[in-house]
Amino acid sequence: MRLCGTCVLLGLLFFAIFDSTECLQTVVRPDKGSTVTVHNKPPSDQCVVCTVSGENDTQTSCHNSLSLVPEEEVKLLFNCSQPIEQAYYVTINRTIECTTDACSPATVETQPSILTEFTRTFTWALKAPEKTVVGLDVLVDGLTEMSQPCPDGFLYLVKTSPTDSMGQTQYCQGGSLTRLDLPNEAVVTLQVGPKAQVESALFKASAGPLKGRTMDITVDPGTTLVVSRDPKEPECEVCSVDGSTPNCSPTEKTLTKVANLSLEFSCLTPQDVYSVKMNKKIDCTQSSCTPASGDSDPNLFKDFKRSLTWDISVPPRTVLSLDFPGDGLKEMSGAESCEGGFQFSVSTTKSDGKVKTNTYCKGGKVSRLELLGATTVTAEVPKDVELDSTVFTVTAAPRGGRMMSVTPDPNTHIIISRMSDEPECSVCEKKDPTPTCDPKRLTLSDPRNTSVEFTCPQPQDVFKVEINREIDCTEASCSADIVQAESSLFPDFNRTFTWDLKIVSTRAFQLDFPESGMRQIPNEENCPDGHTYSLVTYLRTGPATIGTFCKGGPVTTILTRYKGRVTLQVPGDRKMDPVDIKLKVGPETDMVAIVKVNLPRGVSDTDFITASYPGDFPDKQQMRWDFTVPGMHNYTMRFREHTAPECLSGDVQVEYQKEGKKPTKLTLTDPQPTHQQGDFNMVLKNCATNRTLQGLALNYRVSLMRSGHPVLCAVDLTKHKGVSLQLEKVGTDPYCEMSIDSKVDKKIKVAAGTKAGLSFLDCPNEDIRLTASQVIGCQNVQSCTSSLLTVPKLDACLPMPLHSFTWNINIPQDSTVDLLSPTGSLRQSLPGQECNQSVLLRVAESDGFPVGEFCFNGAIPKVQVHANVSVTAIVPDFRKVRRPLLNVSYSEEITETIIYRVSPKVSSPTLMATPNWPEGMRPSSTLSWIVTVPSGYKAHLQFVNISQPKCLDRHTAMKVKTLEAEEELFSRREDEQSEDELFVDQSFYLNMSNCVPEQGNFGAVTKIELQKSSNLLAILLGIAGALLLLLIVLGVVCFVTKKKKRDRMKKEASIYMAKGNIFRPGDAHFSKSRSDNESHVYASIDEEMVYGHLLGDSTYSERIQDQYNGMQVDSYQTFTGPTDGELPVIKEPDYEPEMEGYKTFLDPSETFIPSRPRTPIDRQDSLDFQDRRMVDNELYTFKSTGDMNTIRLSGVDLDPQPPITEDYL
């Protein structure tokens, strides 16, 4: 094997044809007895194999394929434009000749070194005398049968006959099979890939007499067994050995009533050549069968294809019942086949000789068959398929009839008539003394209870029922509506309900269909639901079918002249579900029929046909269709099919009429109206036709489309990070179309960070729900910053309002999310403490488990959740919300699932509930309320509603502890009883934890009320101090009173008492005695007003005057007193976050210090201080110009305030 000058020269020749070539030269010498052929793979014109000879290899002979001579050395040259290994393959064929006892060659060799560069196929054809078997002992690793490609690439193929393409078996190396026994003309093949290392010897061949398969069989007297061979299969004799001389047959062997008979086959695998048919007989009387079951021997010819037949004979008027055990049967149609090939067929022969056959597969709902007449059951069983010893059981019984009670309504006829040729069933009317029977027809008209008997068990397969009713109409009314009162009769029969309508010739009867309307279909078709309606009118020229209709369509009313018939057909396998048709007398008309149609909204195509279509429309008659077209819609008329008659007089016309306009008259071939609006009528008029030719027929379509324009909106979510939109149809309008990027859908989601084109056609805003969501969060709690939950401004082109906005908050691992109100505190919405504000915030964990519903102006400053949460804001009008709704921050991990921080208000009680109330807490979860109690108050804690479960694991727990001393004040489990209330005089926390419930839920509602603390010692000391102070004040008052008695009578000053009297010091007495007036009670005292008469400085007087809005303080002014009426009511709007301002002062109930009067004055102007420079002067004038020296009168502001720490909150 080498690359030489010849290869180079030949390559130059090929280079002129192909861009590149590969060349290989080698010397080959095939072994004796082997035929080596080299082939090139398509395309064959690009590769050649050449023989090189002559002096200096100058002679070449090239071919597409080349067969080599055994034992003759030849130099080969391979030249191809493709890779050499892929361009060629080699076949090496040998023949193994065998006698009756030996084979030549005895060792099956391969010549492994020949042309190893290519794919090689080694083939050994076996030749042996008749009735000789060739044995191949495997010398390499054993073989294994496999249907998949071999892992090592060594593929063995064995065919028992060269002409049998289906009998090929595939083997791979590495199995337990070490010997192959093959018949004459068998072929063994080995396929290997390029450069595969093949062993030189694969098999050791031997020959011997063919010993076919032998089996012992037993056939009972009631069974006939036939073993037969398909002539197309390889030859193989079957012999029965009964005595010394075998009885052989090359094609078929029939056996019956044999015991332990030896059956021999002359081939190794007779199951591939022969099939077995077993026929059994079962004889039945009217009460029993012998044998009582279809039995089989499961192991008899198990690996053969078997066909088992049971012929069951029965006497007349006998019912056979076949019961199939196991999974039952499934009936199949003629075109279907059973999976796996296991198939039953049941054939019943009628008395007239007709045979009815049904096919069944295993695995269905049919477990019992009831049959009439002689029956044959056949089971087709594939090779190696298990067969039960009892295939079915059979019972026989006298064939009974079926009896039912029938009571016709007045003016009603029930006609029972035959619809099949079954001869052995009659219908009888029970009468005394003998019943009246008829095998073809029975009519019942008397409105009395009548017994009807059928002489077969399944009369619904034989007979059909027509229920006819006559309805007479006068010029004013009809005697009844078209209602199926007889719908309960004969439920499993094919039924036809008919109503014969009669009216005077000058009037028409009117059929009003229900709101769902009717849909016209071709007259020869049936409705999908099995309820097919038709209307026939009887003209003087004969009956004409106005149309055939199904439920659900645009036809609402039909008017017809003369006598008519309404028909409803219902098959026996359908439950009655009719419509109620209202019947009344219509107006006079010269039309054959008037059809009123309400065309549906939206895009639609509705087809209509003329009377008797595809037959002829009645001569010199006309028919009208009244169309109601919805607003903002265009209609187009299109004649799909029509035939024009030969008119003897007059013309065929199509006339269109709109209210208030002149009619438009057209012919069948004229262009019909297109893209028109408004209601219209269409009248079809026929001429007098030549009835020997085809008459008038018309099939037309009314196409409807919307004329409105969709609302378009281009949504851009790239401007809002993490925001996505969801739109869903919630209305019932079926014509509302919502689409995204031209794709119509009922639910639309615009993903975050994308753009989308939305379209809304005929969609009211209230029919579409728009929701939005946003994903926020961070990865590391140290780097997380707080954020405000603000509703972003969505695209203004969205026509519908935003229903809700959801923030999905993702927190880092081992951290907590804190939810705080930007203004004030949150309030949990609970029974008795509902949120009636315009903003509602629903907080839930990521899996939807509720944390609570909240609004504003409550007692919860903060909610902490140790999980990812979602916050959903529900606001009537999001356009008014411009301020943040919540402040979201992140903190370190908490041990509880949820912590509520609570600061109860003094003014009202605070309700607190577990999450998901009134449902239960999450199993094994823990939560806490940290309650801040202000100084001077105590908390009255009440458990107003508690639901306890039955715990499967652990216990529920409710604990109350103080924050400072962590003193446990309360503890309760689900199996313990304790008080439902307690008082706590300092800040505390309430902890609840759930168990794993077995039954019931754990939840609680708690109420907190703040009450002032009472200290008896402080009260007594206060009283003693007050008495001492009172004595001192009385002494000072007496001294000052005597000193200023004279001056007081000369000067006057008025003092305002909030609910007292106006007095002047000069008055001789009060109007009331001191004991029953309020003159000694001072609501407030202003020294400048009291001593205003002593002020002489005009500058100071002016300043005071300005301060009191012009009131003259240096003269007496009569005070008219307060009105003591109700204060005006200031109506404040509901809370709106965007309208709420800041609070200048804290609500007294939100502080820890009891409320006291506050005035916006400087420290030195407070009544708690007194200037020493103004002590001794009546006018409090300054004795000196020194610095202001204050005297503290009260020490309240100097009391140290307790620090508010994070732990305390």
Practice problem: Sort out for me the strands (runs of 3 or more DSSP E) sitting completely within the range 13-114 that have 1 or more residues that are acidic (Asp, Glu). | Solution: 22-28, 88-98, 107-109
Quiz item: Out of all the residues in the range 507-529, which are open to solvent by less than 10 Å² (accessible area, probe 1.4 Å) and small (Gly, Ala, Ser)?
Solution: ALA508, GLY517
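Answer yes or no as to whether LYS232 is open to solvent by 70 Å² or more (accessible area, probe 1.4 Å), at negative phi and either modelled with pLDDT of 90 or more or aromatic (Phe, Trp, Tyr) (or both).
Values: open to solvent by 70 Å² or more (accessible area, probe 1.4 Å): yes; at negative phi: yes; either modelled with pLDDT of 90 or more or aromatic (Phe, Trp, Tyr) (or both): no.
The answer is no for LYS232.
I'd like to verify a number: residues in the range 350-367 that are of a type in the set (Ser, Thr, Tyr) and either farther than 30 Å from PRO316 by Cβ or at pLDDT below 85 (or both), how many?
Total meeting the criteria: 1.
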Practice problem: Would you please list the contacts, defined by Cβ atoms under 8 Å and residues six or more apart or on different chains, that run from a residue in the range 965-979 that is under 15 Å from SER928 (Cα atoms) to a residue that is open to solvent by 80 Å² or more (accessible area, probe 1.4 Å)? | Solution: PHE970/GLU979
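Quick one: in the range 639-653, of everything that is part of a strand (DSSP E or B) and either more than 55 Å from the chain's Cα centre (by Cα) or without any contact (Cβ under 8 Å) to a residue 60 or more places away in the chain (or both), which residue is surrounded by the fewest Cβ atoms within 10 Å (Cβ to Cβ)?
Initially, the range 639-653 is screened for residues part of a strand (DSSP E or B), giving 639-643, 647-649, 653.
From the residues that got through so far, the ones that are either more than 55 Å from the chain's Cα centre (by Cα) or without any contact (Cβ under 8 Å) to a residue 60 or more places away in the chain (or both) too are 641-643, 647-649, 653.
Working: GLU641: 11, HIS642: 17, THR643: 16, CYS647: 15, LEU648: 12, SER649: 9, GLN653: 16.
Only one residue fits best here, namely SER649.
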Exercise. Collect the residues in the range 706-732 that are touching a helix residue (DSSP H, G or I) at 6+ places or on another chain (Cβ under 8 Å) and at pLDDT 90 or above, keeping them in residue-number order.
Key: LYS729, VAL730
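Among the listed residues THR560, THR537, THR545, which satisfies the condition of being of a type in the set (Val, Ile, Thr) and open to solvent by 10 Å² or more (accessible area, probe 1.4 Å)? Before you say what the answer is, go through the steps one by one.
Values: THR560 fails: open to solvent by 10 Å² or more (accessible area, probe 1.4 Å); THR537 fails: open to solvent by 10 Å² or more (accessible area, probe 1.4 Å).
Result of the check over THR560, THR537, THR545: THR545.
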Quiz item: Which of the residues that make up the range 304-349 are at pLDDT 90 or above, aliphatic (A, V, I, L, M) and within 30 Å of ASP230 (Cβ to Cβ)?
Solution: LEU308, ILE312, LEU329, VAL346
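Checking the conditions here, which among VAL227, VAL219, VAL198 is β-branched (Val, Ile, Thr) and not in a strand (DSSP E or B)? Spell out the reasoning first.
Working: VAL227 fails: not in a strand (DSSP E or B); VAL219 fails: not in a strand (DSSP E or B).
From the options VAL227, VAL219, VAL198, the qualifying one is VAL198.
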Practice problem: Please list, ordered by first then second residue, the pairs with beta carbon atoms under 8 Å, 6 or more apart or interchain, first in the range 821-841 and over 15 Å from VAL902 (Cα atoms) and touching a residue at least 40 places away in the same chain (Cβ under 8 Å), second open to solvent by 20 Å² or more (accessible area, probe 1.4 Å) and of a type in the set (S, T, N, Q). | Solution: PRO822/ASN887; GLN837/ASN857; LEU841/THR872
Quiz item: Any residue in the range 603-617 that is open to solvent by less than 10 Å² (accessible area, probe 1.4 Å) and within 42 Å of the chain's Cα centre (by Cα)?
Solution: yes
Practice problem: Name every residue in the range 895-920 that is open to solvent by less than 50 Å² (accessible area, probe 1.4 Å) and under 39 Å from the mean Cα position of the chain (by Cα), in order of residue number. | Solution: GLU896, THR897, ILE898, ILE899, TYR900, MET912, ALA913, THR914, PRO915, ASN916, GLY920
Quiz item: Within the range 98-132, which residues are open to solvent by 20 Å² or more (accessible area, probe 1.4 Å), in contact with a Pro (Cβ under 9 Å, 6 or more places away or on another chain) and either over 28 Å from LYS75 (Cβ atoms) or without any contact (Cβ under 8 Å) to a residue 24 or more places away in the chain (or both)?
Solution: THR99, THR100, ASP101, ALA125, LYS131
Quiz prompt | Tally of residues being more than 19 Å from LEU308 (Cβ to Cβ), among the polar types (S, T, N, Q) and part of a strand (DSSP E or B) across the range 361-407 | solution = 2
Exercise. Scan the range 763-774 for residues that are crowded, with 18+ Cβ neighbours inside 10 Å and not in a strand (DSSP E or B) and report the count.
Key: 1
Self-check item: Selection from the range 31-82 of residues that are open to solvent by 30 Å² or more (accessible area, probe 1.4 Å) and touching a His at 6+ places or on another chain (Cβ under 7 Å)
Solution: SER65
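Quick check on the range 735-755: of everything there that is polar (S, T, N, Q) and modelled with pLDDT of 90 or more, which residue is most open to solvent (accessible area, probe 1.4 Å)? Break it down into steps so the answer makes sense when it comes.
Going residue by residue through the range 735-755, those that are polar (S, T, N, Q) are 739, 742, 754.
Now narrow it down to the ones that are modelled with pLDDT of 90 or more: 739, 754.
Numbers: SER739: 15, THR754: 50 Å².
So the residue we want is THR754.
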Exercise. Report yes if GLY572 is in contact with a strand residue (DSSP E or B) (Cβ under 8 Å, 6 or more places away or on another chain), in a loop (DSSP other than H, G, I, E, B) and either open to solvent by 10 Å² or more (accessible area, probe 1.4 Å) or without any contact (Cβ under 8 Å) to a residue 60 or more places away in the chain (or both), otherwise no.
Key: yes
Exercise. Those residues that are buried (at least 18 other Cβ atoms within 10 Å of the Cβ) and under 13 Å from MET705 (Cβ atoms), I need them from the range 619-636; list them, please.
Key: VAL629, HIS633, TYR635
Practice problem: Filter the range 445-465 down to the residues that are within 50 Å of the chain's Cα centre (by Cα) and assigned to a loop (DSSP other than H, G, I, E, B), then identify the one that is surrounded by the most Cβ atoms within 10 Å (Cβ to Cβ). | Solution: VAL462
Exercise. Take the range 430-444 and flag every residue that is farther than 17 Å from MET403 by Cβ and not in a loop (DSSP other than H, G, I, E, B).
Key: ARG441, THR443
Quiz prompt | Options VAL875, VAL817; residue that is open to solvent by less than 30 Å² (accessible area, probe 1.4 Å) and either more than 14 Å from SER889 (Cα to Cα) or within 33 Å of the chain's Cα centre (by Cα) (or both) | solution = VAL875
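Quick check on this structure: which one of GLN942, GLN977 is open to solvent by 20 Å² or more (accessible area, probe 1.4 Å) and modelled with pLDDT under 90? Give the derivation first.
Values: GLN942 fails: modelled with pLDDT under 90.
Answer to the selection: GLN977.
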Quiz item: Within the range 263-287, which residues are out of contact with any Phe, Trp or Tyr (no Cβ under 6 Å at 6 or more places or on another chain), in a strand (DSSP E or B) and farther than 17 Å from PHE304 by Cβ?
Solution: LYS281, ASP283, CYS284
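Of the residues GLU853, GLU919, only one is of a type in the set (D, E, K, R) and either under 26 Å from THR790 (Cα atoms) or modelled with pLDDT of 90 or more (or both); which?
On the way: GLU919 fails: either under 26 Å from THR790 (Cα atoms) or modelled with pLDDT of 90 or more (or both).
Every option except GLU853 fails the conditions.
Got at least one residue in the range 483-500 being within 20 Å of ILE594 (Cβ to Cβ), in contact (Cβ under 8 Å) with a residue 12 or more places away in the chain, in a loop (DSSP other than H, G, I, E, B) and open to solvent by 10 Å² or more (accessible area, probe 1.4 Å)?
No; the residues of the range 483-500 include none that is within 20 Å of ILE594 (Cβ to Cβ), in contact (Cβ under 8 Å) with a residue 12 or more places away in the chain, in a loop (DSSP other than H, G, I, E, B) and open to solvent by 10 Å² or more (accessible area, probe 1.4 Å).
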Quiz item: Do you know which residues across the range 705-734 are open to solvent by 70 Å² or more (accessible area, probe 1.4 Å) and not in a strand (DSSP E or B)?
Solution: HIS709, THR718, LYS719, LYS721, THR732, PRO734
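The values are calculated or read from the model by the stated rules, or taken from the named source; none is laboratory data. Quick caveat, the model's predicted, so the values are computed rather than measured. Every residue, glycine as well, gets a Cβ built from its backbone with ideal geometry; the counts of neighbours run over all protein chains shown. Quick note on the areas: whole protein, heavy atoms, side chains included, nothing else; ligands and nucleic acids left out. Shrake-Rupley method; radii C 1.70, N 1.55, O 1.52, S 1.80 Å.
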